[in-house]
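Written below as structure tokens is the structure these notes are about.
The values are calculated or read from the model by the stated rules, or taken from the named source; none is laboratory data. On a predicted model such as this, the values are computed, not experimentally measured, just so you know. Neighbour counts run over all protein chains shown; Cβ positions are idealised from the backbone, glycine included.
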Amino acid sequence: MTQAGAPLASEPAVELNGVSLRYDTADDILTDIDIRLKPGTFTFLTGPSGAGKSSLLKLLYLAHAPTSGEVRLFGQRTADMSRNQLSALRRRIGVVFQDFRLLDHLTAFENVALPLRVSGEKPEDYRDEVVDLVRWVGLGERMHAFPPALSGGEQQRLAIARALINKPDILIADEPTGNVDPDMARRIFRLFIELNRRLNTTVIIATHDMHIIREFKAPVLKLQDGLLFADSSYEQA
Amino acid sequence: MNIKMTPLLPESDAREAALFFVVAALCFLAVLATLVARGTYTAAEAWTAQVEGEMTVLVSDTDRRGAESAATLIEALPGVERAHVLTDEELDELLSPSFGPGGIPDGIPLPLLIAVDAEGDTTALAAEIDTTLAEAGINGRADTHSAYAAEVRKALGTLRIAAIGTVLLLTMTAISVIAFATHAALLARKDIVDVLHLAGAEDRFIARLFERRFWLLGLKAGAAGSVAALAVTAIIVFSAQSSNAPSELLPKLSLDQWDLMILAVSPIAGALAARIAARVTVGRSLRSSL
């Protein structure tokens, strides 16, 4: 028997059918979006500022419901799910927010441990795992520092560690390398690739960084004025 | 190894210190109002019973000896606890509101009055007294103070309603303030709520954080308010006890077991109100998100 909510081999991990999004009475931010991403795919999402990348990601990490159309994750229609089922689904999604969203009163260790803590796991059980990951992102010396004491790049690495700690089935990152140097950016993307290959994690990354897109050669979806296009340079999954 | 983790909600800040003071003050007022209301109610019961259990018999066309005989006859009737002819000094005191502290001027004929302490239905007893005196050839008429007692009952009823209304108003105010403060605290912590929500925390998990915070705040603030109310009540009680002439019209604050129970229950009630308000507010706020 498969884990509850786990995708069957034939089912897409992420599926959007005719999705539109509008805030209040304004015009559509996203219009009639269709996406099918199989489990284990690695996809870049690109487009100019204001094209709707963050809004699309918000639909994927279940921060918003679409105005019309349907969102399916692991084959399940999110509109049919109870609030507790949605919470359980969110625990399978790791998110790196553009603005990091770290909790200032928690230490670096505690911020990374947050997803495990809300899952009800005991600190004794995840301590070593969290310490290893914090060290891996180069913050071993800042384990007990609070976010306001960290630089922008350090905060970004911390946010990435928090998104990865749960070994998520889907990893969504909104401009994850915006505040780090090129070396650290490559390290982070190699980690994303490793997660994608070893754990079959479905990775969706919104980025402007064309060097990274060219270097890692993954399918690219391009948003323009709320409409989605596949970049012809790459094969869409 | 036990690892100590920082609470997910930050330790209390200045807003919560202000809220603590507000809740403590409201709890203090609510407890004090409850004690005063209860004291008023007790005093009103005692006073009404006293007024309703008394009557006055006016005898005429006779001398003091005749009045004494009438009192003896009345005292022998069932339901009468005591009957005595008022002395000149008692009459002086009774009529002093009309004549002032100088007393009744000489030459004014004084009525002969018999004060009767009774139990049970004074209206039936008054009729029986009238009949008994008539049969004995004494000209007398019993007055049950019914009109006066009705006025007293009406005034005390208004007092009780005012006291209960004050308690209810203060309780509702306390609950509203706590609910409002919870909502404000939630808005102030929206960043934390959002992160927890998106990290997969269930609504119940997030609501519990706020419930626990406001339960403890309500309990501590309520206890502080109750202790302050206890101190003030104790001062009033001791002042009244040390005074030689405590007024019958003042609420009877005694600090008996019921009053102590009110003091003990109030912080728990306050904390419970805080907890419920937190649960409802947080639940409503979370349900508005996906």
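Tabulated results
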item: Residue that is farthest from the other protein chains (Cβ to nearest Cβ), among those in segment B:208-224 that are buried (at least 22 other Cβ atoms within 10 Å of the Cβ) and among the hydrophobic types (A, V, I, L, M, F, W, C); result: B:221
item: Tally of residues being crowded, with 18+ Cβ neighbours inside 10 Å and among the aromatic types (Phe, Trp, Tyr) across segment B:225-239; result: 0
item: Residues satisfying the stated conditions in segment A:159-169, i.e. part of a helix (DSSP H, G or I) and either of a type in the set (S, T, N, Q) or closer than 20 Å to residue A:148 by Cα (or both); result: A:159, A:160, A:161, A:162, A:163
item: Top-ranked residue in segment A:75-119 [being more than 9 Å from chain B (Cβ to nearest Cβ) and assigned to a loop (DSSP other than H, G, I, E, B); ranked as nearest to residue A:138 (Cα to Cα)]; result: A:100
item: Test: residue in segment B:101-120 that is at pLDDT 75 or above, touching an Asp or Glu at 6+ places or on another chain (Cβ under 9 Å) and among the charged types (D, E, K, R); result: yes
item: Test: residue in segment B:174-182 that is within 28 Å of residue B:263 (Cα to Cα), away from chain A (no Cβ under 14 Å), at pLDDT 85 or above and within 27 Å of the chain's Cα centre (by Cα); result: no
item: Qualifying residue in segment B:10-17 (condition: within 14 Å of chain A (Cβ to nearest Cβ) and either surrounded by fewer than 12 Cβ atoms within 10 Å (Cβ to Cβ) or within 27 Å of the chain's Cα centre (by Cα) (or both)); result: yes
item: Filtered residues of segment B:262-271 (kept if touching a Leu at 6+ places or on another chain (Cβ under 9 Å) and either surrounded by fewer than 23 Cβ atoms within 10 Å (Cβ to Cβ) or small (Gly, Ala, Ser) (or both)); result: B:262, B:263, B:268, B:270, B:271
item: Residue A:120 vs. criteria among the small types (Gly, Ala, Ser), out of contact with any His (no Cβ under 7 Å at 6 or more places or on another chain), at positive phi and free of Cβ contacts under 8 Å to residues at least 24 places away in the same chain; result: yes
item: Subset of segment B:61-106 (residues that are at positive phi and either without any contact (Cβ under 8 Å) to a residue 12 or more places away in the chain or of a type in the set (Lys, Arg) (or both)); result: B:100, B:103
item: Residue in segment A:22-36 that is crowded, with 21+ Cβ neighbours inside 10 Å and either within 10 Å of chain B (Cβ to nearest Cβ) or out of contact with any helix residue (DSSP H, G or I) (no Cβ under 9 Å at 6 or more places or on another chain) (or both) present; result: no
item: Filtered residue count, segment A:53-74, keeping only those that are in contact with a Ser or Thr (Cβ under 9 Å, 6 or more places away or on another chain) and away from chain B (no Cβ under 13 Å); result: 5
item: Residue A:138 surrounded by fewer than 19 Cβ atoms within 10 Å (Cβ to Cβ), assigned to a loop (DSSP other than H, G, I, E, B) and within 14 Å of chain B (Cβ to nearest Cβ); result: no
item: Residue check, residue B:193 of a type outside the set (Gly, Ala, Ser), modelled with pLDDT under 85 and in the same structural domain as residue B:25 (by TED's automatic domain parsing); result: no
item: Pick from segment B:247-261, criterion assigned to a loop (DSSP other than H, G, I, E, B) and surrounded by fewer than 13 Cβ atoms within 10 Å (Cβ to Cβ), ranking: modelled with the lowest pLDDT; result: B:249
item: Residue count, segment A:179-195 (criterion: within 16 Å of residue A:166 (Cβ to Cβ) and crowded, with 16+ Cβ neighbours inside 10 Å); result: 3
item: Filtered residue count, segment B:69-91, keeping only those that are surrounded by 16 or more Cβ atoms within 10 Å (Cβ to Cβ) and farther than 17 Å from residue B:141 by Cβ; result: 2
item: Residue list for segment B:8-52, filter: in a helix (DSSP H, G or I), free of Cβ contacts under 8 Å to residues at least 40 places away in the same chain and closer than 17 Å to residue B:212 by Cα; result: B:17
item: Condition broken by residue A:198, with the remaining ones in (1) buried (at least 18 other Cβ atoms within 10 Å of the Cβ); (2) out of contact with any helix residue (DSSP H, G or I) (no Cβ under 8 Å at 6 or more places or on another chain); (3) over 24 Å from residue A:62 (Cα atoms) satisfied; result: (1)
